[in-house]
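K.L.:
Below is the structure I would like to discuss, written out as C-alpha cells.
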C-alpha cells in the first residue's frame, strides 16, 4: 500500500472517515486511551468517574430509561467502550494505554504518533491468545493484559437493540516486561502465563515474581493466581515455564526450561487437572497435541494493506471480530482488531 497520497485524496478520506466514525460508534468512555481527541471525546477526570459512569450508562445503553425497566446488569468492571457494529468496519489499534479507535488503517500512516518500529513478536503489543466463551470472547494481549468483548441486547422504544461491550483489564508493570506464553481456563477463570523471553535479545528484567494472572468481572484489576501443577518449577532456581495450553485432546500441556549452562534443559508435561502435577512426555507428544488453528476467511473481512495480516477471528453475536498485525518475518509493528456486522 502506498503511503503517499494527494491532498485531495486525504481530504476526501478524512471526510468519509468522520462520517463512518459517528455512524458506527455509540460511545467511548472511561479509558484515557479511548477518550483520545481523535474520537472527539474529552478526557474524563478520575475523581468524578463514578458519577459520569452512571450518567453515561443511563443515556447511552439501550433499554435504560425512566419508564422502561433496565435490561442491562452492570458488574463491578467498568466498560472501556460500548460499540454498535454496522456495514462499515470499526478499527482499533493496541497502545500502551489500551485499545484505541482509529478511522481506518490509513491513520497509522498519516498520524506520526502511530510510527511503530518492527520488533520481535515476543516484545510487541498484539493479541496473543483468544478464547470464545458463552457470553463473548476473551483475549490475552502481550505486554498489556486482558480484553473481553461481550454482547448486550436491550430494548429501546420497544425494539431490541444489540451492541457490544468492550472491557480492558490492564496488567500494568506486571505484564509490560514479560511475554505471554500461555492462556487457559483454569477453574473457569481466564489465566495468562508470563515468562521472561531472551531468545531475540538480551534482557535485564528479573524473572516475574507473579507468573500466572487472571481477572473477573468484579473490578478492572488483574490479580495473580496459583496453579499447583506449575509451582515446583517456580520454586527451583533457574526454571522458567514458558508454555501452557490446552491440547487438542482436552488435556493441559506445559513446558519448563532451565537456561543455565551451555545448553538449556527442557522438560514437557501434560495433565488432566492443573491442581495436580503432570506426567513428563516426549517432544513429539507435546507438539502433536497443538490444536490446529486456521484463520477464517469470511467474506465480511475488509482487505488489509500490504504487509498486514489477520491472525485470528471469532464471532460475537451478529458481529465478526478479527485480530490483525503489521508483520515482517518474526517481527510485529502495529497490531489491533476489527469489528463488523456479518
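K.L.:
Within the range 299-314, is there a residue that is touching a strand residue (DSSP E or B) at 6+ places or on another chain (Cβ under 7 Å), over 25 Å from residue 106 (Cβ atoms) and loosely packed, with under 14 Cβ neighbours inside 10 Å?
P.N.:
Within the range 299-314 (the criterion being touching a strand residue (DSSP E or B) at 6+ places or on another chain (Cβ under 7 Å), over 25 Å from residue 106 (Cβ atoms) and loosely packed, with under 14 Cβ neighbours inside 10 Å), the answer is no, since none of the residues qualifies.
K.L.:
So is residue 160 surrounded by fewer than 18 Cβ atoms within 10 Å (Cβ to Cβ) and over 23 Å from residue 201 (Cβ atoms) or not?
P.N.:
yes
K.L.:
On the given criteria, is residue 274 touching a residue at least 40 places away in the same chain (Cβ under 8 Å) and assigned to a loop (DSSP other than H, G, I, E, B)?
P.N.:
Yes; evaluated as a whole, the condition is true for this residue.
K.L.:
I would also like to ask the following. Might you let me know whether the range 282-294 holds any residue that is within 18 Å of the chain's Cα centre (by Cα) and either assigned to a strand (DSSP E or B) or at negative phi (or both)? Don't jump to the end; show me each part of the working.
P.N.:
Restricting attention to the range 282-294, the residues satisfying the condition of being within 18 Å of the chain's Cα centre (by Cα) are 293.
Next cut, either assigned to a strand (DSSP E or B) or at negative phi (or both) only: 293.
Checking the range 282-294: at least one residue is within 18 Å of the chain's Cα centre (by Cα) and either assigned to a strand (DSSP E or B) or at negative phi (or both).
K.L.:
Could you count how many residues in the range 152-173 are more than 19 Å from residue 124 (Cβ to Cβ) and either more than 16 Å from the chain's Cα centre (by Cα) or free of Cβ contacts under 8 Å to residues at least 24 places away in the same chain (or both)?
P.N.:
12
K.L.:
List the strands (runs of 3 or more DSSP E) that sit entirely inside the range 166-254 and contain at least 3 residues that are touching a helix residue (DSSP H, G or I) at 6+ places or on another chain (Cβ under 8 Å), exposed (fewer than 15 other Cβ atoms within 10 Å of the Cβ) and modelled with pLDDT under 90.
P.N.:
So the answer is none; nothing clears 3.
K.L.:
Restricting to strands (runs of 3 or more DSSP E) lying wholly in the range 42-158: which have 3 or more residues that are modelled with pLDDT under 90, out of contact with any helix residue (DSSP H, G or I) (no Cβ under 8 Å at 6 or more places or on another chain) and under 30 Å from residue 188 (Cα atoms)?
P.N.:
Details: elements: 81-83, 90-95, 98-102, 127-133, 136-141, 145-156.
The strands (runs of 3 or more DSSP E) meeting that bar are 145-156.
The values are calculated or read from the model by the stated rules, or taken from the named source; none is laboratory data. Keep in mind it's a predicted model, so treat the numbers as computed, not measured. Every residue, glycine among them, receives a Cβ derived from its backbone with ideal geometry; neighbour counts consider all protein chains shown.
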